[in-house]
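As structure tokens, the structure follows; a few thoughts come after it.
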Amino acid sequence: MAGVDGDAEAAAHPTAHLPSLEFLVMPGIMKANPVSEMEIAVKYTVFEYMYRDGSNYKTCENLLLKGSLDEGILSDLRACFDVDDRFIPDYVGVMPLQFRLCRFGGPTEYDHPLHEFTGSHEASPEEVEKLELWGTVEELVAAMKREAPRWR
């Protein structure tokens, strides 16, 4: 049944509902310009962060953000961080991770609120499906800029 298989493929593809835009021809221009699916599809970014306590125990998490984190935006974001790309997630509405380590005996004198930005990358389709959307890249950067003086 070709129709059933086609429907499954269409449901799995994020731009399946869009008409095919293999070539975009502008009025008055004879040349056809290829348009990629990536230009049509929404882009998502994974923001990676980590909590490391004073004893070097670690736990990590990823945030799914709508939009792209290009070099300019990444530079703005890094300017918000404290030494070693540190920030306090509670202040910007990001889940703090230090409590994950409490299951190994509760809070200790080695616990603190600082978390580390460890990187970012364009989200894969699997990550977009799996991770809960936090918000946009712009919203995260605005929150970091607003709250940065509190952790520096």
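What the table below lists for this structure:
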| quantity | calculated |
| --- | --- |
| Ratio of the Cα radius of gyration of the stretch 83-144 to 2.2 N^0.38 Å, where N counts its residues | 1.33 |
| Per-residue Cβ neighbour rank within 10 angstrom, fewest leading, Phe47, Phe99 | Phe99, Phe47 |
| Calculated P(r) tail over 16 Å for the stretch 42-151, as whole % of Cα pairs | 58 |
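Taken together, the values in this text are just the output of simple stated rules run on the coordinates, not laboratory data. These numbers were taken from a predicted model, which means no experiment stands behind them. Counting neighbours? That spans all protein chains shown, and the Cβs are built from the backbone with ideal geometry, glycine included.
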